[in-house]
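The values are calculated or read from the model by the stated rules, or taken from the named source; none is laboratory data. Since this is a predicted model, take the numbers as computed values, not measurements. Glycine also receives a Cβ, built like all others from the backbone with ideal geometry; neighbour counts cover every protein chain displayed.
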Amino acid sequence: MKEVKIEWRGTWGVGDFMMALNCAHRHSWNTDSLVNLEMHWAHSEDYYHHFEEEETIIERMEYVHRFYHQKNRVRVTHKFNQREGSKYFYSNTSMSKNKNRYHFEDGFFTGKEGDPIPDNDWLFRPLGNGIQSFFRPNTTNTKVVIWRPLFNSQVPRTWKRLLTNDDWDVIITKLRQAGLHVVELTYRTPIREAMFHILTCRLTVSYCGMWHYITKNAGIPSATISTEGITKYHSSANGLIFSHEKGKKESIWFQLDDMHNFLGKTKVKSINYVESHKNCFKYSSLQEMAARWRS
């Protein structure tokens, strides 16, 4: 089986490297190839983005990748200290909207503005040993996990902060008034703790970022509060997206006033997402699936 190299610019965000992993795994399945996912980092292997962090971004990536379906089809390698003059380095003053993010050696995706973007839909393998995934649910029906941009190391972009902290406090209160237990994660939450809470919760409510790919890959119902178009790429396949604006039917506020329907709709969406990927577990690749259908 041929191996394809995918270069990817690494950042400090879990969602960013999980997007890379998802795209690499999906490309492997679509093309029936092995993938060398080469991550380009502007820092050393032992870099901590914030002094309160307990683990490096490399440790987090290695841990999460263990749970991927067909994990061995994607080999993750790293290039560290990629600074000035390197292909994927951008300083805080030179960050460009059209910066290089990735490159697929086989030419399927270039990362250039206007070109097609890679499919990022994938799933974890079925889990056991007390933490069950979508195949044998072991969720806590009263647990809701949230994350908001409250303890981020840097101020998030404006579109991620359209809900104030007071707004988030009201959302938490409404969930608790409905008899739900709310667990709040931050970007500094240890990866094992974040995985445990998300994989055993009934629902996640969040802004677009941080832990959203764990929710996606585990088939957990999710509600993302965002009006940005990129959120559809990340989260519309597996979860529902709501606006922050009050008085509108598509807003999170309208949904929380009809909690029973809100919980039901998010659950149906996640079930449909997992069901749409059943062939990824039945066949080793898109080519094998096509060959079986032709025979």
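Checked across the stretch 70-84, the condition of being modelled with pLDDT of 95 or more, part of a loop (DSSP other than H, G, I, E, B) and within 20 Å of the chain's Cα centre (by Cα) holds for at least one residue.
Conditions (1) touching a Lys or Arg at 6+ places or on another chain (Cβ under 8 Å); (2) within 24 Å of LYS99 (Cα to Cα), marked per residue:
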position: PHE17; (1), (2): yes, yes
position: ARG26; (1), (2): no, yes
position: TRP29; (1), (2): yes, no
position: SER33; (1), (2): yes, no
position: LEU37; (1), (2): yes, yes
position: HIS40; (1), (2): yes, yes
position: ASP46; (1), (2): no, no
position: PHE51; (1), (2): no, no
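The rows are residues; the columns are (1) free of Cβ contacts under 8 Å to residues at least 24 places away in the same chain; (2) of a type in the set (Val, Ile, Thr); (3) in contact with a Gly (Cβ under 6 Å, 6 or more places away or on another chain); (4) closer than 10 Å to ILE146 by Cα.
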| position | (1), (2), (3), (4) |
| --- | --- |
| THR164 | yes, yes, no, no |
| TRP168 | yes, no, no, yes |
| LEU185 | no, no, no, yes |
| THR200 | no, yes, no, no |
| TYR207 | no, no, no, yes |
| ALA218 | no, no, no, no |
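Filter the stretch 130-169 down to the residues that are exposed (fewer than 15 other Cβ atoms within 10 Å of the Cβ) and not in a loop (DSSP other than H, G, I, E, B), then identify the one that is modelled with the lowest pLDDT. Checked the stretch 130-169; the qualifying residue modelled with the lowest pLDDT is THR158. Can you find a residue in the stretch 270-283 that is over 25 Å from ARG202 (Cα atoms) and not in a helix (DSSP H, G or I)? Within the stretch 270-283 (the criterion being over 25 Å from ARG202 (Cα atoms) and not in a helix (DSSP H, G or I)), the answer is yes, since at least one residue qualifies.
Are any residues in the stretch 8-54 among the small types (Gly, Ala, Ser) and in a helix (DSSP H, G or I), and if so, which ones? Once the filter is applied, which keeps residues that are among the small types (Gly, Ala, Ser) and in a helix (DSSP H, G or I), the stretch 8-54 yields GLY15, ALA20, ALA24, SER28. Residues of the stretch 186-232 that are under 19 Å from ASN120 (Cα atoms) and surrounded by fewer than 20 Cβ atoms within 10 Å (Cβ to Cβ): GLU228, GLY229, ILE230, LYS232. Cβ-Cβ distances below 8 Å connect no pair with a first residue in the stretch 1-20 that is of a type in the set (S, T, N, Q), a second residue that is outside any helix (DSSP H, G or I) and surrounded by fewer than 18 Cβ atoms within 10 Å (Cβ to Cβ), and a separation of six or more residues or different chains. Residues in the stretch 254-269 that are free of Cβ contacts under 8 Å to residues at least 24 places away in the same chain and over 14 Å from ALA178 (Cβ atoms) were compared, and the one that is surrounded by the fewest Cβ atoms within 10 Å (Cβ to Cβ) is VAL268. When ILE198 is tested against (1) more than 27 Å from ASN165 (Cβ to Cβ); (2) in contact with a Leu (Cβ under 9 Å, 6 or more places away or on another chain), exactly one condition is not met: (1).
Is it fair to say ASP46 is touching a residue at least 40 places away in the same chain (Cβ under 8 Å) and acidic (Asp, Glu)? In short, no. Only one of the listed residues (VAL64, VAL35) is surrounded by 20 or more Cβ atoms within 10 Å (Cβ to Cβ) and out of contact with any His (no Cβ under 7 Å at 6 or more places or on another chain). That residue is VAL64.
Criterion applied to ARG83, ARG9 was being basic (Lys, Arg) and crowded, with 20+ Cβ neighbours inside 10 Å, and the one residue passing it is ARG9.
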